[in-house]
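Single-structure report; data block below.
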Amino acid sequence: MEGDDVNMAAAESTETDLDDMKRRLKEMEEEAAALREMQAKVEKEMGSVQDPAAAATSQANREEVDSRSVFVGNVDYSCTPEEVQQHFQSCGTVNRVTIRTDKYGQPKGYAYVEFLEAEAVQEALVLNESELHGRQLKVTAKRTNIPGMKQYRPRRSNPFMRPRGPFMAPYFFAPYGYGFCNLNKGCKA
């Protein structure tokens, strides 16, 4: 009888262990399903950004907006967007004025002015070298940045760098200009 009790207790503990394992497996499957759902959602959002057709559309939209905008340089730091808008109001309807700032919120000294009509850009270019807050503005048509197209600037050579070659000991100059001393060949006076 005693052996039967031990077998029954072992069988019951095995069943409870099996039930615990089944429950944990079910929880893990639910977590995996939730993770797959979240990943699909993120991929869908990222896919809309990575979609070539959407990227081409946004690039075309950006080019269209840039064709109606001008770059304004040498803007006074105390100038407000409203003052810049009033300055360019005679050219056409100003849609937006953006004064660029650094990470601390201080103006960088230039702005972008977007018009409703593309013809207003030509009128705004006439205001090049006009004065606002006692500063002469530089007005040019806004260019469109092409992603991934960074201008290549080669490294400048340093006139003080010697060409690299086999190692040669440096020259040591004698004091008071009485000749020089080359460690490889000896001193000359």
(message) part of a helix (DSSP H, G or I), without any contact (Cβ under 8 Å) to a residue 60 or more places away in the chain and over 27 Å from the mean Cα position of the chain (by Cα): is that true of residue 39 in this structure?
(response) no
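Going through segment 62-112 one residue at a time, which ones are part of a loop (DSSP other than H, G, I, E, B), closer than 17 Å to residue 144 by Cβ and among the small types (Gly, Ala, Ser)?
Matches in segment 62-112: none.
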(message) Could you tell me how many of the residues in segment 113-138 are open to solvent by less than 60 Å² (accessible area, probe 1.4 Å) and assigned to a strand (DSSP E or B)?
(response) 4
(message) Taking the conditions exactly as written (under 15 Å from residue 135 (Cα atoms) and either modelled with pLDDT under 95 or exposed (fewer than 15 other Cβ atoms within 10 Å of the Cβ) (or both)), does residue 103 satisfy them or not?
(response) no
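The values are calculated or read from the model by the stated rules, or taken from the named source; none is laboratory data. Since this is a predicted model, take the numbers as computed values, not measurements. Backbone-built Cβ (ideal geometry, glycine too); neighbour counts: all protein chains shown. For the accessible areas, the whole protein counts, side chains as well, though only heavy atoms, and no ligand, DNA or RNA atoms are used. Shrake-Rupley method; radii C 1.70, N 1.55, O 1.52, S 1.80 Å.
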